[in-house]
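Written out below as structure tokens is the structure these notes cover.
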Amino acid sequence: MSGHEAPLGPKHKLVQQARLLARERKEREAAGLAHMEGVRLVEEALAAGVEVAYLLYTPDLAERPRGAALLRAAAARGVPLHAVTPAALERAADTRTPQGVVGVFRPRRFGLDDLGPGLVLVLDGLQDPGNLGTAIRSLEALGGGGAVVCGGADPLNPKVVRGAMGSLFRLPVVELGLGEALAALRTRGRRIYVADAGGDLAPWDVDLARGAAVVIGNEGAGPSPLARDCADGVLSIPMVGPTESLNAAVAASLLLYEALRQQGRGR
């Protein structure tokens, strides 16, 4: 920890860097670093073996049992720890009510060969970081093989990191152009489906348990024409109400559960 040194103020370079990483994709890309905050997320990152560049924490956190345990665990891994003033933490944080700790970490880089055998989601231009984070969380929870992010929200946006609730630290998430991604997935033996409200296939009409990838399209425009042209079929989730379509993350979660059910693991 930072010992008896005075807590860092809002203008300190580490506080400023954390603030920029939270707000600017170009800063994250240039530094190869990303932003996280909150005790649980930092706990998840440490447990997953993620490389944590440093933590900023308020002295109050160190006085709480869970916070003190977190700082001891981080120190044992050699993570640089810096006490900051409450005002400095507010400046470094992405939320309005930070929970006493902000972390900067070096994200793992994955390729298509890192994807697991389960259902893969191709996230085609999702704009809402909350949708992207929820889809990644559902992928891990329901045994998916990973995600291929093709445009849209940055998977290292702090809102995505929070929405994924630690899954981003463990699950393969690959960034790639859509055309390249679809061609490479097919080369690797994946069948490719598109999820769309106008599709003619129900999810249980196709094998989602083994060797499949499903394209989830942009919240407003839906799947791109390229995805439709490359698809082996178009899936539609049957609905009994008058709703025209489902939220992208909800649709992704339902398809992942159907894949889990087909494996004999869903009940």
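Readers should treat all values here as calculations from the given coordinates under stated rules, not as data from a laboratory. Every value quoted in this text rests on a predicted model; they were computed, and no experiment measured them. Glycine also receives a Cβ, built like all others from the backbone with ideal geometry; neighbour counts cover every protein chain displayed.
Need the C-alpha centroid separation for the stretch 53-70 versus the stretch 177-216, integer Å.
Value for the Cα centre distance between the two parts: 44 Å.
For the stretch 1-47, state which GluC sites (Glu not before Pro) are in a DSSP loop and have at most 16 other beta carbons lying within 10 Å of their beta carbon.
Passing sites in the stretch 1-47 are GLU5, GLU24.
Just from its helices, what would the mean residue ellipticity at 222 nm be for the chain, if runs of 4 or more DSSP H residues each count -39500 (n - 2.57) and the sum is divided by every residue, rounded to the nearest 500 deg cm²/dmol?
Taken over the chain, the calculation gives -11000 deg cm²/dmol.
Give the residue list of GluC sites (Glu not before Pro) in the stretch 47-123 that are DSSP loop and have at most 11 other beta-carbon atoms within 10 angstrom.
Passing sites in the stretch 47-123 are GLU63.
Any chance you could give the angle, 0 to 90 degrees and rounded to 10, that helix 13-23 forms with the longest Cα principal axis of the chain?
20 degrees
With all distinct Cα pairs included, what does the Kirkwood hydrodynamic radius of the stretch 13-106 come out to in Å, to one decimal, could you say?
Taking the inverse mean of 1/r over all distinct Cα pairs, the stretch 13-106 comes out at 12.9 Å.
Applying 1/(1 + (r/R0)^6) with R0 = 45 Å to the Cβ-Cβ distance of GLU24 and ASP232, what FRET efficiency is obtained, to the nearest 0.05?
Once the sixth-power term is evaluated, E becomes 0.70.
For the stretch 139-225, run through the GluC sites (Glu not before Pro) and keep only the ones in DSSP coil with at most 11 other Cβ atoms within 10 Å of their Cβ. Present the calculation step by step, with values, prior to reporting the outcome.
On the way: sites: GLU140, GLU175, GLU180, GLU219; in loops: GLU219.
Here no loop site has a sparse enough neighbourhood.
Would any residue of the stretch 39-69 have its amide N under 20 Å from a label point 7 Å out along Cα→Cβ of ASP114? List them or say none.
41-54
Cβ under 12 Å from GLU27's Cβ, GLU27 left aside: what net charge do those residues give with Lys, Arg +1 and Asp, Glu -1?
Once all neighbours under 12 Å are counted, the net charge is +2.
At 0.36 nm per residue, minus the direct Cα-Cα distance, what do ALA141 and LYS11 gain on full extension? Give it in nm, one decimal, please.
Residue separation times 0.36 nm, minus the Cα-Cα distance, leaves 42.8 nm.
Tell me the angle of helix 65-76 to the major Cα principal axis of the chain, expressed in degrees between 0 and 90 and rounded to the nearest ten.
It is inclined by approximately 90 degrees.
According to the square roots a ≥ b ≥ c of the eigenvalues of the Cα gyration tensor, what is the shape class of the chain, taking rounded for a/c under 1.5, prolate for a/b larger than b/c otherwise, and oblate for the remainder? Each step should come with its number before you reach the end.
Values: a/c = 2.37, a/b = 2.25, b/c = 1.06.
Since a/c reaches 1.5 and a/b is larger than b/c, the shape of the chain is classed as prolate.
Using Cα pairs closer than 8 Å and at least 6 residues apart in sequence, work out the relative contact order for the stretch 13-106, in percent.
45 percent
Between ALA221 and ALA69, what's the calculated FRET efficiency when r is the beta-carbon distance and R0 is 41 Å? Round to 0.05.
After rounding to 0.05, the efficiency reads 0.30.
If you line up the long axis of helix 248-262 against the longest principal axis of the chain, both from Cα atoms, how many degrees apart are they, to the nearest 10?
Approximately 70 degrees, to the nearest ten.
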